[in-house]
Amino acid sequence: DAGVIQSPRHEVTEMGQEVTLRCKPISGHNSLFWYRQTMMRGLELLIYFNNNVPIDDSGMPEDRFSAKMPNASFSTLKIQPSEPRDSAVYFCASSLVASTEAFFGQGTRLTVV
Amino acid sequence: GDSVTQMEGPVTLSEEAFLTINCTYTATGYPSLFWYVQYPGEGLQLLLKATKADDKGSNKGFEATYRKETTSFHLEKGSVQVSDSAVYFCALSDGSARQLTFGSGTQLTVLP
C-alpha cells in the first residue's frame, strides 16, 4: 500500500483565499484524522471521522474550517477565508476501526501571506 | 481528560550515548501507549507501542516499557546514532475514544 497520501505537499496562498487540502487514507482503514502542527501549539487534532461520519470536530478552530469525507477513500479540509495564523503543517492520518495505531501522511505545509 | 507529558527538549547527545526520553500519562481507562518519530520534513511514523501493563515495545534498538504503577512509558536506546536525530512523540489511545492524545514532542539531536 502507498500509505496515506496528502496533496498538495506545499501550498502558498494569499490571505482571504480559499484553501483545500486533500487526503487519501489507506485502503480498508475506517477512521480518518486531521491534525495541525505548529511550533507554538504542537500537534492538535482538528477532526476525526469513523466510517465517513464526523465523530468529533471540537478541535476545529472556527467556522472558517470545514472537513468532509464523501467516501471511504477521500477527505478534504477546507479553510475559507484563510488567514496568516492558519499557516502550519496539516497532517492526515488513518487507522483501522479495530486498531488504535494511526498512520500519517507526509503533511501539507500551508503558508498564508 | 487524557493527557501525556513529555520531558522538555531539545536533547543533544553525542553518537553512541545512552538516550532516555521521559513520558508520563493520565488516563481514565487502560490505554495503549505509543512512541512516534518525526524526521525533518516528514509525517509521524510509529516507532513502537505497548497495549497493556508491563508490555515492552521495541524497534530499531529503541525500547519502552508500559509501567502502570508509575503511569510512565519512557523511551530508551543504548547507543544513539546521528540518524536518530528527529522529534519523538509519546501518545496514548483510550480505546473508547479511538483518537490519539499526543505529548508535546522532544527534539533529539545526535552529534557525530
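A few points about this structure:
- Within a Gaussian network of chain B (alpha carbon springs, distance under 10 Å), most fluctuating of B:102, B:18, B:89: B:18
- Averaged over peptide A:18-31, the number of partner chain Cβ atoms lying within 10 Å of each residue's Cβ comes to 0.
- Amide H contacts under 5 Å for residue B:11, placed H, 5+ residues apart: B:107, B:108, B:109
- Interface residues, region A:66-113 - accessible area loss of 20 Å² or more versus chain alone, probe 1.4 Å: A:91, A:97, A:100, A:101, A:102, A:104, A:106
- Charge tally for residue B:28 (other residues, Cβ to Cβ under 9 Å; Lys, Arg +1; Asp, Glu -1): -2.
- Percentage relative contact order, chain B, counting C-alpha pairs under 8 Å, at least six apart: 36
- Derived scalar couplings ³J(HN,Hα) [region A:61-76; Karplus, 6.51 cos²θ - 1.76 cosθ + 1.60; whole Hz; x for Gly, Pro]: x, 6, 5, 5, 9, 9, 9, 9, 9, x, 8, 5, 10, 7, 9, 10
- Counting only aspartates and glutamates at least 8 places from residue A:68 when in the same chain, those with an alpha carbon closer than 14 Å to its own are A:56, A:57.
- Most positive-pole-ward Cα, B:29, B:78, B:108, against dipole of chain B from beta carbon charges: B:29
- Lysines with Cα under 27 Å of residue B:49, excluding same-chain neighbours fewer than 8 positions away: A:24, B:60, B:68, B:77
- For region B:55-60, 3J(HN,Hα) per residue [Karplus equation, 6.51 cos²θ - 1.76 cosθ + 1.60, θ = phi - 60°, Hz, x = Gly/Pro]: 5, 10, x, 8, 5, 6
- Rounded, prolate or oblate (a/c below 1.5 giving rounded, otherwise prolate when a/b exceeds b/c) for chain A by Cα gyration tensor: prolate
- Hits among aspartates and glutamates - C-alpha to C-alpha of residue B:52 under 17 Å, sequence gap 8 or more where chains match: A:101, B:2, B:63, B:69, B:94
- For residue B:63, solvent-accessible area (1.4 Å; no DNA, RNA or ligand), Å²: 80
- Buried accessible surface for the A/B pair, both sides summed and rounded to the nearest 100, is 1500 Å² with a 1.4 Å probe.
The values are calculated or read from the model by the stated rules, or taken from the named source; none is laboratory data. Here the structure is a predicted model, which is why all the values come from computation and not from measurement. Please note: Cβ atoms are built from the backbone with ideal geometry, for glycine as well, and neighbour counts cover all protein chains shown. Areas reflect the complete protein model, heavy atoms only, side chains present, ligands, DNA and RNA absent. Shrake-Rupley method; radii C 1.70, N 1.55, O 1.52, S 1.80 Å.
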